[in-house]
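What follows is calculated from the coordinates using simple rules that are stated; it is not laboratory data. Just so it is clear, the model here is predicted, and its values are computed rather than measured. Here Cβ is always computed from backbone atoms with ideal geometry, including for glycine, and neighbour counts include all displayed protein chains.
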Amino acid sequence: MNGKSELTERYIALYKENIDRISSISSPYINTFRKAAFEKFSELGIPTKKNESYKYTNLNIFFDHDYKSYFMPEESDFVKAEEFRCDVTDLDAHGIVLLNGFYPTINEKLRQLPSGVWIGSLNVAAIKFPEIIKKHFAKYADSESDGLIHLNTAMASDGVFVYVPEGVTLSKPVQVVNLVQSDEDMFNQHRNLIIVEKNSEFSIIICDHTLSPRKFLTNAVTEVYVGENAHFDLIRVQNEHNSAGKLTHTFIHQEKNSVASSNNMTLHGGLIRNSTYHYLGGERAECNSYGLYLTDKWQHVDNFVNIDHAFPNCTSNQLFKGVLDDMSTGAFNGRIMVRPDAQGTLAYQKNNNILLTDDAKMDTKPQLEIFADDVKCSHGATVGQLDDDALFYLQSRGINKREARLMLMFGFAHEVIQNIKVEALRERMDNLVMQRLKGELSRCASCMVKCG
């Protein structure tokens with residue numbers, strides 16, 4: 001025995017079977033990272049519950065499966081994806097569609113938006129902008145303990161590249177509609193790189209959907225660089241069926257005086273794991289990390305947040321809320337690191353959860369590591385039921401019990417939704433969340449799959 005689990009050996013074999021195909025369609029520079037990343041993954045393996053960061057999440061449910069197909073697209077694969085239309089009708093955005101993480105080959109691979117902004121395939125960008133890619137690719141996504149990040153570096157073929165040059169404010173957000181579709185069960189990985197240079201402002205919306213009823217597992221890494229005085233906003237809307245597993249690893253590196261926000265809105269999905277890493281790498285940087293998750297049946301949603309205060313006078317805020325129904329489960333792990341030089345740090349964290357049944361379960365764990373003296377850090381977490389006094393008050397005003405419960409749950413969730421800056425999307429999220437709470441959104445929006 002060499003010490004590797006059978007599960008890890010399975011993905012080592014998957015890598016060896018596909019690495020020639022993957023490398024053949026990838027840029028030479030990105031290929032240079034694969035061997036070392038594969039060796040690191042082989043050492044760390046698939047995380048188990050013995051890994052503190054995955055203590056409350058059992059990945060075996062999705063990883064212990066024979067994914068014989070590793071998706072490599074043909075042009076014909078993108079035709080149906082191009083027909084997909086977002087149902088947020090008033091959303092004024094620069095839209096693109098990805099299929100299983102690949103940028104469509106039937107369209108131009110790299111296109112220029114107003115004010116010198118570029119968006120397109122990461123592979124094409126690596127050839128067109130080699131100096132930018134060398135400066136930023138694989139510089140922020142790093143982990144000594146999570147083998148999945150290294151597995152992504154070893155096997156991801158393509159993804160989205162966004163470049164916002166210095167001093168540019170893009171008035172409309174970019175919307176990435178990320179579709180997963182296949183006639184076979186599929187393991188899928190992609191890699192995104194977003195660069196927002198100094199004094200710039202940029203927002204991106206990532207919407208995840210599944211279009212076919214197969215079993216899917218996605219392991220995605222996104223690296224973001226936010227320059228000095230820049231503003232960046234990421235909104236992720238997750239709406240996939242219950243046979244889909246989604247693991248996202250988002251690394252946001254911030255320079256001084258920058259402001260960055262991440263917002264994970266989880267409406268549907270069998271297994272969701274969102275890992276968000278903010279690195280406050282300059283004085284007076286600010287980050288905000290939000291999340292809302294609504295679960296039922298046997299769904300499981302895990303949000304892991306790591307905020308690293310490395311410089312003085314930085315501020316961080318975390319707000320995560322969940323409503324868990326049926327036998328569903330959730331986890332929240334919020335880690336705040338304040339390094340010795342990070343005097344004047346302000347760090348706040350709140351995680352509140354409502355359990356609608358006795359079988360629903362939530363694990364929440366704040367984690368503060370403070371090595372500076374002049375700091376203000378606070379955290380709070382609650383797991384409970386709806387407020388009986390508030391429910392009684394509403395009923396005493398003539399509101400029936402069902403409506404009163406909906407009003408309380410919606411008000412609870414709206415504290416997170418209101419942080420979405422794009423008005424049309426905020427209104428759509430209000431509508432989707434209300435449908436979800438009423439039980440009218442029994443499957444993910446825009447999905448034709450009748451999953452259990």
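Here the gap between D363 and D183, fully extended at 0.36 nm per residue and compared with their Cα-Cα distance, gives a gain of 61.3 nm. Each Cα pair under 8 Å and six or more residues apart adds its sequence gap; the mean of these over the residue count of the chain is a relative contact order of 11 percent. Here segment 117-243 carries DSSP beta bridges of which approximately 10% are antiparallel, counting only pairs with both residues inside. The Kirkwood hydrodynamic radius of the chain, based on inverse pair distances between different Cα atoms, is 22.4 Å. Taken over the C-alpha atoms, segment 214-299 has Rg and Dmax values of 14.7, 47 angstrom. Each Cα pair under 8 Å and six or more residues apart adds its separation to the average, and for segment 280-358 the resulting relative contact order is 36 percent.
The modelled label-to-label distance for the pair Q435/E283, using points 7 Å beyond Cα in the direction of Cβ, is 5.0 nm. With 22 Å as the limit on Cα-Cα distance, the pairs of K134/K172; K35/K134; K297/K361; K215/K365; K246/K361 that go past it are K134/K172; K215/K365. Please work out the FRET efficiency for the pair S23 and E228, using the Cβ-Cβ distance as r and a Förster radius of 45 Å; give the result to the nearest 0.05. About 0.80, to the nearest 0.05.
Gyration tensor analysis over the Cα atoms of segment 143-197 returns equivalent ellipsoid semi-axes of 27, 18, 8 Å (largest first, whole Å).
Computed over segment 133-252, the P(r) curve from all C-alpha pair distances, binned at 10 Å from the origin, holds 13, 41, 33, 12, 1 percent per bin. At full extension, M327 and N51 could sit 96.9 nm farther apart than now, given 0.36 nm per residue minus the alpha carbon distance. Taking a Cβ cut-off of under 12 Å around N264, the surrounding Lys, Arg, Asp and Glu residues balance to a net charge of +2, with basic ones at +1 and acidic ones at -1. With the helix formula -39500 (n - 2.57) applied to DSSP H stretches of n ≥ 4, the chain reaches a computed 222 nm mean residue ellipticity of -7000 deg cm²/dmol. When only alpha carbons are used to place a centre, segment 171-248 and segment 250-297 end up 12 Å from one another. With a Förster radius of 41 Å applied to the C-beta separation of K35 and T169, the computed FRET efficiency comes to 0.50.
With Rh defined as the Kirkwood radius, the inverse of the mean 1/r over Cα pairs, the Rg/Rh of segment 104-198 is 0.99.
Taking every DSSP bridge with both residues inside the chain, close to 5 percent are antiparallel. Farthest toward the positive end of the dipole of segment 101-181, out of S143, V117, V162, is the Cα of V117, where the dipole comes from beta carbon charges about the Cα centre. Computed extension length for D374-R402: 5.3 nm, one decimal, from 0.36 nm per residue of separation with the Cα-Cα distance subtracted. Only alpha carbons enter this Debye calculation for segment 305-452, each as an equal point scatterer, and the log10 of I(q)/I(0) it gives at q = 0.12, 0.13, 0.19 Å⁻¹ is -0.66, -0.76, -1.17.
Sites listed here are chymotrypsin sites (Phe, Trp or Tyr not before Pro) in segment 230-308 whose DSSP assignment is loop and whose Cβ has at most 15 other Cβ atoms within 10 Å: W298.
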